[in-house]
Amino acid sequence: MQHILYAGNRADWPGYRAALPPLLAARGIEARLAPDIPADQVNYIIYAPDGPVQDFSAFPGLRAVFSLWAGVEKIIGNASLNVPLTRMVDAGLAMGMRDYVAAHVLRHHIGMDTHIHGQDGQWRNTVFPPLARDRSIGILGLGALGANCGAALAQFGFRVTGWSRTRKNIAGIACYSGDDGLKTVLETSEILVLLLPYTDNTHHVLNAETLAQMRRGSIIINPGRGGLVDEAALLVALERGDIGHATLDVFQTEPLPADHPFWAHPRVTVTPHIAASSRPETCAEVLAENIARSTHGEDLLFQVDRSAGY
Ligand code: NDP
Ligand code: OXD
């Protein structure tokens, strides 16, 4: 019998209670799944940063922790965690992020704001949006989410470049790595999408210096993590018009404080960390697979590399 402690947020518990047991049973796993299991019986923890368990030292029989979030910066340095940690990679997150990124890219590509906010009786039909093939989009981070978004944008016909730690080979995306690669992506992109994890190496990847490498008036879309961007430097770049608009889903401090200048800034769109969410109906598949793998002594899917930080 495997004892699985659900330590995700309360709202999603009914979803996991319904979705996970049949998937475990289908894999021949006898399991008890509950949000309250005596600590000395727990074998697996389903974890979220906004859930009730942050200290893992009380679980002597713990074999693995499964994060429901893709981003693991809040748990990776946890000194009480000494078992394998996996992050969430699933179809639901990928589809949600693809839709969010495509929608915000198209908003800026088409220039929708001009018409949504400019209904003043003037028939302005002299400026037409360029074709997608004449628009350059850069993506920082070509992992599960960035590569999928890049492929979707390439399908639209956009010119897509991407940057990652190790150089990739992805159809439809011109792939770069290293400092020179970053410079190339920043210099060529009219719309830049941030889908990097937050690590020591990606902290403030967009700062005064790198923002200055971007094309004047370019657009930033950040559904990655707030710490990827030096917020003060971004505000300066927006004020100067160096950056035309920033659509931000994630922030250094969340919830974004009510008096933060981003809220009222005319060239900033704030969305409240809703770009993609972990849904029980899709995430349960990955959890069941990893629990089965662990009980059979097999390698886990999507295990976090603690030395790389993601
Ligand atoms: P992955 O780990 O699959 O991909 C991360 C990508 O970033 C990889 O391509 C990796 O390179 C690259 N990378 C990491 N460090 C560096 C570096 N120092 N320099 C250059 N490239 C680097 O992550 P996901 O795609 O699954 O998720 C990305 C992030 O999206 C998450 O960490 C999370 O912060 C955010 N997220 C936000 C959500 C939201 O609702 N706003 C929802 C879900 C996720 P390589 O391929 O070489 O390893
Ligand atoms: C995640 C997120 O990392 O929701 O999964 O941001």
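What follows draws every value from the coordinates through simple rules; no lab data is involved. Just so it is clear, the model here is predicted, and its values are computed rather than measured. Heads up, the Cβs are rebuilt from the backbone with ideal geometry, glycines too, and the neighbour counts pull from every protein chain shown.
Hey, what angle do you get for helix 91-110 against the long axis of the chain, alpha-carbon based, 0 to 90 degrees rounded to 10? On a 0 to 90 degree scale, this one is about 10.
Summarising the label geometry, the points placed 7 Å from Cα in the beta-carbon direction at Met95 and Lys183 lie 4.2 nm from one another. On a C-alpha basis, how far is the centre of region 51-108 from the centre of region 281-297 in Å? Whole number, if you could? One Cα centre to the other: 15 Å.
Potential lengthening of the chain between Phe128 and Asn78 amounts to 12.8 nm, from the contour at 0.36 nm per residue minus the alpha-carbon distance.
Under 1.5 on a/c is rounded, so check that first for region 92-270, then, if it is not, pick prolate when a/b is larger than b/c and oblate when it is not; a ≥ b ≥ c are the square roots of the alpha carbon gyration tensor eigenvalues.
It is oblate, given that a/c is not under 1.5 and a/b is not larger than b/c.
Panel order for Thr114, Thr161, Thr184, Thr202, by other beta carbons found within 10 Å of each beta carbon, from fewest to most: Thr114, Thr184, Thr202, Thr161. With a sphere of radius 11 Å drawn around the Cβ of Arg87, what net charge do the other residues whose Cβ falls strictly inside it have (Lys, Arg +1; Asp, Glu -1)? Every neighbour counted, the sum reads -3.
Taking the square roots of 5 times each eigenvalue of the Cα gyration tensor of region 1-125, largest first, gives ellipsoid semi-axes of 43, 17, 12 Å. Potential lengthening of the chain between Asn9 and Ala208 amounts to 68.0 nm, from the contour at 0.36 nm per residue minus the alpha-carbon distance. Quick check: the angle from helix 13-26's long axis to the longest principal axis of the chain, C-alpha only, nearest 10 degrees? It works out to around 60 degrees.
Binning all Cα-Cα separations of the chain at 20 Å, short to long from zero, yields these whole-percent fractions: 31, 52, 17, 1.
In this label model, Arg17 and Thr166 are separated by 4.2 nm, measuring between points 7 Å along each Cα→Cβ vector. What the Cβ-Cβ distance of Val236 and Ala258 gives, at R0 = 22 Å and to the nearest 0.05, is a FRET efficiency of 0.50. Here the label points at Thr269 and Arg306, each 7 Å from Cα along the C-beta direction, are separated by 4.0 nm in the simple model. Here is how the number arises for the chain: DSSP H runs of 4 or more residues each give -39500 (n - 2.57), the sum is divided by the residue count, and the result at 222 nm is -9500 deg cm²/dmol.
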